[in-house]
Structures are given as structure tokens and as C-alpha cells.
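Taking it in order: structure first as C-alpha cells, then the write-up.
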Amino acid sequence: MKSPVYRQRVSPYSLIASDAAMVEREGNYALAVKMWKKAAGCACRAVNQNWAEKRAGFCQTMDERFPAVASGRDESSRAKEDDDERHR
């Protein structure tokens, strides 16, 4: 006899935090800040709220320090754009 399958309830915090972590790994820190703040707002546990606030702070710092990375433009793509403009 098969055991019954129970639907695992996933909290809104878990869904948003998971998406925020993925966006953060991709380097889109500006969006990650917003998502981590949203996750902090819907966290039921203080430890989760604190974690989300810390991640939002980290992403904010990264966005301020490395705006080229956060916007998806690294130095090599910027150099290529400059080179293309010189050849026009």
C-alpha cells in the first residue's frame, strides 16, 4: 500500500527568499534588495526577518559598490562598447 502524499505547505517567506537568493546569485542586487525586504516583511519568525534584512543590506552595499556588475555590464562589455563607438 502506498503511503498518502501530503502537500507540503511553503510559506510566502520561503518562496520570496528563495527567489531573492536566486536573483542575488545572478548579480541583480537592486532587485534582490527589494525582494529581501519583501521577504522580511512577511517572515513569521524573527530569525528569518533578521536574515532577510541582513541580506537586503548586503545587496544594497553591493549595488552601491559595483553598479556595473549590478546592471549586468561588466568591464569587458563596457570596453567592447567603447571600441565599437570608436570604429563608427
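The values are calculated or read from the model by the stated rules, or taken from the named source; none is laboratory data. Predicted model, so just to flag it, every value in this text is computed and none were measured. All Cβ positions, glycine included, derive from the backbone under ideal geometry; neighbour counts span all protein chains shown.
Quickly run through the stretch 31-44 and pick out the residues that are of a type outside the set (Val, Ile, Thr) and either without any contact (Cβ under 8 Å) to a residue 24 or more places away in the chain or buried (at least 17 other Cβ atoms within 10 Å of the Cβ) (or both).
Matches in the stretch 31-44: LEU31, ALA32, LYS34, MET35, TRP36, LYS37, LYS38, ALA39, ALA40, GLY41, ALA43.
Assuming GLU24 fulfils every condition listed in (1) modelled with pLDDT of 95 or more; (2) more than 8 Å from the chain's Cα centre (by Cα); (3) among the charged types (D, E, K, R) apart from one, which condition is it?
Failing condition for GLU24: (2).
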